[in-house]
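Undergrad: Structure provided below as structure tokens; questions to follow.
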Amino acid sequence: MATGGMDEASNMKVVLKHYVSGSPQETDMHLTAGTIKLKVPKDSNSIILKNLYLSCDPYMIFKMMKLERQLTDPYVLGSPITGYGVAKVLDSAHPGFAKDDLVWGITGWEEYSLISDPKNFFKIQHTDVPLSYYAGILGNYQFSSILG
């Protein structure tokens, strides 16, 4: 929803309040409001996304913990949780992405995301299946087919 004109929107985000020691609970996260500019910064390779579908995957629990031996970086407290998602490009300064492209990649658990380096985003070519499938098995298939 626009707040300060056509170039800005309210942006609800799910953030981690504190690191967990077991199974995460709803109380470990909270919904916070902010705003986002809907135009990419000049002289950047950025894209602005409207997130449509977000995945919730088992590996994310480890990113919610602060462990002595961590396989991946933990989430940053107070920042949006991240995970695989399906989104629509609203604005782009990147030559590989155009307005209205549908994409898949790691995005924030928020309504809109500014992606400053979209090299790990992939255009969705086949829209004859539900887009939500790309937040699950089709996204994993697309990623594994790129790896060889």
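The values are calculated or read from the model by the stated rules, or taken from the named source; none is laboratory data. Note that this is a predicted model, so its numbers are computed, not measured. Please note: Cβ atoms are built from the backbone with ideal geometry, for glycine as well, and neighbour counts cover all protein chains shown.
Undergrad: Picking from PRO24, PRO58, which residue would you name as being under 22 Å from ALA135 (Cβ atoms), out of contact with any Leu (no Cβ under 8 Å at 6 or more places or on another chain) and free of Cβ contacts under 8 Å to residues at least 40 places away in the same chain? Give the steps one after another, and end with the answer.
TA: Numbers: PRO24 fails: free of Cβ contacts under 8 Å to residues at least 40 places away in the same chain.
When all the criteria are applied, what remains is PRO58.
Undergrad: Give the residue, chosen from LEU90, LEU138, that is modelled with pLDDT under 95 and under 16 Å from LEU52 (Cβ atoms).
TA: Numbers: LEU90 fails: modelled with pLDDT under 95.
Residue meeting the stated conditions: LEU138.
Undergrad: Ok, one more. Somewhere in region 80-97, is a residue surrounded by fewer than 17 Cβ atoms within 10 Å (Cβ to Cβ) and among the hydroxyl-bearing types (Ser, Thr, Tyr)?
TA: No, region 80-97 contains no residue that is surrounded by fewer than 17 Cβ atoms within 10 Å (Cβ to Cβ) and among the hydroxyl-bearing types (Ser, Thr, Tyr).
Undergrad: Taking the condition surrounded by 12 or more Cβ atoms within 10 Å (Cβ to Cβ) and at pLDDT 90 or above, does LEU131 pass? Break it down stepwise before answering.
TA: Numbers: surrounded by 12 or more Cβ atoms within 10 Å (Cβ to Cβ): yes; at pLDDT 90 or above: yes.
Yes.
Undergrad: Right, next: Determine whether region 19-29 contains at least one residue that is modelled with pLDDT under 95, closer than 22 Å to GLY136 by Cβ, in a loop (DSSP other than H, G, I, E, B) and of a type in the set (S, T, N, Q).
TA: The answer is yes; a qualifying residue exists.
Undergrad: Can I ask one more? Tell me, please, whether a residue that is closer than 24 Å to THR127 by Cβ and surrounded by 12 or more Cβ atoms within 10 Å (Cβ to Cβ) can be found in region 57-71.
TA: As a first pass, look at region 57-71 and keep what is closer than 24 Å to THR127 by Cβ: 57.
From what is left, the residues that are surrounded by 12 or more Cβ atoms within 10 Å (Cβ to Cβ) are 57.
Looking through region 57-71, at least one residue is closer than 24 Å to THR127 by Cβ and surrounded by 12 or more Cβ atoms within 10 Å (Cβ to Cβ).
Undergrad: Condition first: farther than 15 Å from LEU90 by Cα, at pLDDT below 95 and aromatic (Phe, Trp, Tyr). Can you find one or more residues in region 43-66 that meet it?
TA: The answer is yes; a qualifying residue exists.
Undergrad: Can you work out which of the residues in region 99-125 that are closer than 10 Å to ALA87 by Cα and either in a helix (DSSP H, G or I) or small (Gly, Ala, Ser) (or both) is modelled with the highest pLDDT?
TA: Looking at the filtered set, the residue picked out is SER113.
Undergrad: Another question, if that's okay. Report, by residue number, each residue of region 33-77 that is part of a strand (DSSP E or B) and within 15 Å of the chain's Cα centre (by Cα).
TA: Restricting attention to region 33-77, the residues satisfying the condition of being part of a strand (DSSP E or B) are 33-37, 47-54.
Selection gives ILE36, ILE47, ILE48, LEU49, LYS50, ASN51, LEU52, TYR53, LEU54.
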